[in-house]
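Have a look at the structure below, then the notes.
Readers should treat all values here as calculations from the given coordinates under stated rules, not as data from a laboratory. Since the model is a prediction, treat every value here as computed from it, not as a measurement. Here the Cβ positions follow ideal geometry from the backbone for every residue, glycine too, while neighbour counts run over all protein chains shown.
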């Protein structure tokens, strides 16, 4: 029988792939942004990016938000048309641009 930890990790991995987060993390890394897959609850996955000053970004194919102790603001909303990969690349570029301009 598989232990719960392994089962949980596999469920997170599967949810991340299904929701396009694995691809988003890869796209962010290709743009020089360190990101990892994270579970926000209920197997809702996101790309998690640590910033300076105890801030972080949660991102998915719909956009990205800036957080500190709580939600601060949306930094990118994906309004693009197209397939999932195009939308994911759009978010990755938007997040990378925001970090370049604001994470000082």
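Annotations for the structure displayed:
- Restricting the range 28-44 to residues that are closer than 14 Å to residue 64 by Cβ and touching a strand residue (DSSP E or B) at 6+ places or on another chain (Cβ under 9 Å), the residue that is surrounded by the fewest Cβ atoms within 10 Å (Cβ to Cβ) is 40.
- The residue of the range 18-27 that is surrounded by the most Cβ atoms within 10 Å (Cβ to Cβ), among those that are under 16 Å from residue 97 (Cα atoms) and touching a residue at least 24 places away in the same chain (Cβ under 8 Å), is 24.
- Where a residue in the range 79-104 is on the phi > 0 side of the Ramachandran plot and its partner, wherever it lies, is outside any loop (DSSP other than H, G, I, E, B), with Cβ under 9 Å and at least six apart: 82/90
- Residues considered: 47, 15. Of these, the only one that is in contact with a strand residue (DSSP E or B) (Cβ under 8 Å, 6 or more places away or on another chain) and buried (at least 18 other Cβ atoms within 10 Å of the Cβ) is 47.
- The residues on offer are 89, 100, 73, and the sole one that is loosely packed, with under 14 Cβ neighbours inside 10 Å and over 16 Å from residue 34 (Cβ atoms) is 73.
- Filtered residues of the range 56-70 (kept if free of Cβ contacts under 8 Å to residues at least 40 places away in the same chain and surrounded by 11 or more Cβ atoms within 10 Å (Cβ to Cβ)): 56, 58, 59, 62, 63, 64, 65, 66, 67, 68
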